[in-house]
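The structure under discussion appears below in the form of structure tokens.
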Amino acid sequence: MVRRSKGDLLTGVILTVFGGWVIHEALALPYTSESGPGPGFFPLWIGIGIVLCSCFMLYAYSLRTNPNSEPRVKNSTVEIMRALGAWLAFVLAIAVLPLLGFAVSLGLLTLFLLLILDRRSPWTAVGVALGLALGFHLVFPLALGVSLPAGPWGF
């Protein structure tokens with residue numbers, strides 16, 4: 001069995017309340033429109049998903065052993081720095097999005113995550129970055145007609 005954490009319990013409760021609030025707000029919006037799903041469709045299902053996942057988290061928490069039964073494993077400094085590096089990379093990718101555009105920002109973010117944090121080969125990182133940028137371009141602007149932020153190069 002895995003050790004209990006009060007953080008897991010608190011996270012489960014907060015996410016359940018947040019999901020309930022999302023559902024409540026989504027129910028005030030139209031579920032459908034003349035052309036398909038309305039503005040309340042996705043928020044409602046996202047809220048339901050949040051509540052279901054947080055309830056599963058609370059159920060899994062209840063199955064764990066006593067908090068005092070196992071010694072606590074301390075996170076290493078390297079793991080903490082990698083996690084903070086990933087969050088910083090996401091923040092920077094969002095910050096440069098208006099300047100570089102979606103495709104370039106996503107590509108640079110993917111390269112950083114794979115090359116630096118995951119230590120993958122440069123060929124793998126470049127292939128995945130290009131594949132993601134191309135895939136997003138094919139799905140959103142071309143297939144769905146949804147524009148993504150463009151940079152100075154037009155993509």
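Some points to look at:
- Number of residues in segment 126-155 that are in the same structural domain as L109 (by TED's automatic domain parsing) and of a type in the set (F, W, Y) equals 2.
- Test for F112: is it touching a helix residue (DSSP H, G or I) at 6+ places or on another chain (Cβ under 8 Å), part of a loop (DSSP other than H, G, I, E, B) and surrounded by 14 or more Cβ atoms within 10 Å (Cβ to Cβ): no
- Number of residues in segment 50-87 that are at pLDDT 90 or above, surrounded by 12 or more Cβ atoms within 10 Å (Cβ to Cβ) and within 30 Å of L113 (Cβ to Cβ) equals 7.
- Count of segment 29-40 residues which are within 21 Å of L52 (Cβ to Cβ) and either of a type in the set (F, W, Y) or surrounded by fewer than 15 Cβ atoms within 10 Å (Cβ to Cβ) (or both): 3
The values are calculated or read from the model by the stated rules, or taken from the named source; none is laboratory data. What you are looking at is a predicted structure, and each value in this text was computed from that prediction instead of being measured. Because the Cβ atoms are built from the backbone with ideal geometry, glycine has one as well, and the counts that use them run over all protein chains shown.
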